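Written below as structure tokens is the structure these notes are about.
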Amino acid sequence: MIDAIKLSVAETETDVDREAALRVSRQVLLKPDSLIGLATGDTTVGMYHWMVRLHKELAIDYSGVKTCNLDEYVGVAESDKSSCRYRIHKDLLSHINIKPENTYVPNGLCEPPEQELQTFRETVERFGGVDLQIVGVGSNGHIAFNEPGTPFNSTYHIVPIAQSTIEAKSKMFGGRDKVPTHGISMGIRDIMSSRKILLIAKGAHKAPIIEKIINGDICMDVPASVLRLHPDVEIVIDRSAASLL
């Protein structure tokens, strides 16, 4: 069962990266002052490399573009190599002609962290709302730090990170006990407020959750299933991730 979702299946992971980058580049060409919602993680690194390549080879202009990241780890400084700010700067922002003042990643060191939620909300509003939100999906169906059980009407919030996600991030942080226990995140309602959403997934290990998202019930146990209620969503996956469809 596919509701409003447009599903595109590419042959390889590289093809997914390229196809997703082409969609982002198209958005920038059509609306040069777009607010692009960014996600960090292994899934999006290849797409960002393609975005940089297209920027350089086709002169895709990011001078009027604004970006906003979905989330950040609580207690992690932006200079930390595991922070979302550090990673998005390394993988994308430092390689395109975007103005630093037009980029936003939540401040993981804000005290108290709840105070950053107002800044998060006000920044997205000041930037004009998200035109295209990029999301990955965890093996348990989480989007941003919205783990299974997160209400669909949730807004910007501080959330505990699920044990399965901690396990998945343990290598990046140098051990399970070093992974932050909480994150600052857009809520599901905030993600659903985006004008367009692009979800990408790659690899056979994502096949079970992709099958649930597309063919299963729309439920809080699979947060990403809510995307089927959005009027303009595209999922781009490779053959391996599509193997159970």
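The values are calculated or read from the model by the stated rules, or taken from the named source; none is laboratory data. Here the structure is a predicted model, which means the values were calculated and not measured. Cβ placement follows ideal geometry from the backbone for every residue including glycine, while neighbour counts extend to all protein chains displayed.
Overview of values
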quantity: Qualifying residues in the stretch 47-70 (those that are in contact (Cβ under 8 Å) with a residue 40 or more places away in the chain and either among the β-branched types (V, I, T) or in contact with an Asp or Glu (Cβ under 6 Å, 6 or more places away or on another chain) (or both)) - the one surrounded by the most Cβ atoms within 10 Å (Cβ to Cβ); calculated: M47
quantity: Near pairs, Cβ below 7 angstrom, 6+ apart or cross-chain, from the stretch 89-104 (at negative phi) to any residue that is assigned to a loop (DSSP other than H, G, I, E, B) and aromatic (F, W, Y); calculated: I96/Y62; N97/Y62; I98/Y62
quantity: Qualifying residue in the stretch 17-29 (condition: at pLDDT below 95, out of contact with any Pro (no Cβ under 8 Å at 6 or more places or on another chain) and not aliphatic (A, V, I, L, M)); calculated: no
quantity: Selection count, the stretch 120-138, where residues are touching a residue at least 12 places away in the same chain (Cβ under 8 Å), surrounded by fewer than 23 Cβ atoms within 10 Å (Cβ to Cβ) and over 14 Å from the mean Cα position of the chain (by Cα); calculated: 6
quantity: In the stretch 175-189, residue surrounded by the fewest Cβ atoms within 10 Å (Cβ to Cβ) [restricted to those that are touching a strand residue (DSSP E or B) at 6+ places or on another chain (Cβ under 9 Å) and modelled with pLDDT under 95]; calculated: T181
quantity: Residue within the stretch 55-63 that is at pLDDT 95 or above, farther than 19 Å from P100 by Cα and in contact with a Lys or Arg (Cβ under 9 Å, 6 or more places away or on another chain) present; calculated: no
quantity: Residue within the stretch 222-232 that is buried (at least 16 other Cβ atoms within 10 Å of the Cβ), under 30 Å from F127 (Cβ atoms) and touching a Cys at 6+ places or on another chain (Cβ under 9 Å) present; calculated: yes
quantity: Residues (under 16 Å from L92 (Cα atoms) and either aliphatic (A, V, I, L, M) or surrounded by fewer than 16 Cβ atoms within 10 Å (Cβ to Cβ) (or both)) located in the stretch 1-46; calculated: A20, A21, L22, V24, V28, L35, I36, L38, A39, D42, V45
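Listed here are the residues, each with its yes/no results for (1) farther than 20 Å from I210 by Cβ; (2) buried (at least 20 other Cβ atoms within 10 Å of the Cβ); (3) at pLDDT below 90.
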{"site": "V105", "(1), (2), (3)": "yes, yes, no"}
{"site": "P112", "(1), (2), (3)": "yes, no, no"}
{"site": "A144", "(1), (2), (3)": "no, yes, no"}
{"site": "N153", "(1), (2), (3)": "yes, no, no"}
{"site": "F173", "(1), (2), (3)": "yes, no, yes"}
